[in-house]
1. So how tilted is helix 110-126 from the main axis of the chain? Cα-based, degrees 0 to 90, rounded to 10.
2. If I model a spin label at H47 and S76 as a point 7 Å from the Cα along the Cα→Cβ vector, what separation in nanometres do I get?
3. About its Cα centre, how strong a charge dipole does region 45-101 have in debye, to the nearest 20, once Lys and Arg get +1 and Asp and Glu get -1 at the Cβ?
4. What are the radius of gyration and Dmax of region 43-98, computed over its Cα atoms and given in Å?
5. How far apart, in nanometres, would the label points at V200 and N184 be if each is projected 7 angstrom from Cα along the Cα-to-Cβ direction?
6. If exposed means no more than 15 neighbouring beta carbons inside 10 Å and the site is in a DSSP loop, what's the longest run of the chain without any exposed trypsin sites (Lys or Arg not before Pro)?
7. When only the heavy atoms of the protein chains count and the probe is 1.4 Å, how do S197, S45 rank by accessible area, highest first?
8. From the Cα trace of the chain, what convex hull volume per residue do you get, rounded to a whole Å³?
Amino acid sequence: MAKEHILVVDDEEDILELVRYNLTKEGYRVTAVATGEEALRTAHSVHPELILLDLMLPGVDGLEVCRQLKQDPKTSHVPIIMLSAKGEEADIVTGLELGAVDYVTKPFSPRVLIARLRAVLRRRSAEPLSESAPLTIHDLVIHPGRHEVLIQGQQVDLTVTEFRLLHMLARRPGWVFTRSQIVNTVHGDDYPVSDRSVDVQVVGLRKKLGALGDYIETVRGVGYRFKE
């Protein structure tokens, strides 16, 4: 059975060929383009299951491509993994806030890239997740309806903010969330909470989760994610 169709967007020919070769070897169908304009056209014509998108593109750059794809109902559901050079933390944060689900920095190992790609596709196949459905991950049981968290059957006393934060991260293990996304989801848009406040909330949540608190990972310069 043919695997998923991946759209790869990068203006560096050697990277395009490297990614195309390795993905094809793994059985994926690959379409490769070199510009943002081509990416937008191709995303509508080939209907990819995932897009690998370089941020630094001539003409329409990667962030604008991401923005347009996520605003279009026909492509908004397609997960995007960003490819970026080191030192582009601000662009990575912007891309995640626009709707990208993960990022890989250059230079990268093809094996690491494929592992990240598989993880995103695996999560996508498990969706949609109900906001109210009980969630079991590792030794945690999270029950939104009861506002209850259990660790090996023992209830953990969390504040409303801590519960929302944990539920947000645990529903999408492996996904990176920026501090801004966390604030908007946990408190609502335009809530006056600083990045430092989010960090403090995470520290408190980790402490209450004990050993399981290590599953909440800090992604330097970006935000947080829950280990798969």
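The values are calculated or read from the model by the stated rules, or taken from the named source; none is laboratory data. Quick caveat, the model's predicted, so the values are computed rather than measured. When we count neighbours, we look across all protein chains shown, and the Cβ atoms used for this are built from the backbone with ideal geometry, even at glycine. Areas reflect the complete protein model, heavy atoms only, side chains present, ligands, DNA and RNA absent. Shrake-Rupley method; radii C 1.70, N 1.55, O 1.52, S 1.80 Å.
1. Between helix and principal axis, roughly 60 degrees.
2. 1.9 nm
3. Dipole of region 45-101, to the nearest 20 debye: 180 debye.
4. Computed over the Cα atoms of region 43-98, radius of gyration and Dmax are 11.0, 33 Å.
5. So the label points at V200 and N184 sit 2.4 nm apart.
6. The longest such stretch corresponds to 147-219.
7. Descending accessible area places them as S45, S197.
8. Working: hull volume 31.0 nm³, N = 228.
It is 136 Å³ per residue.
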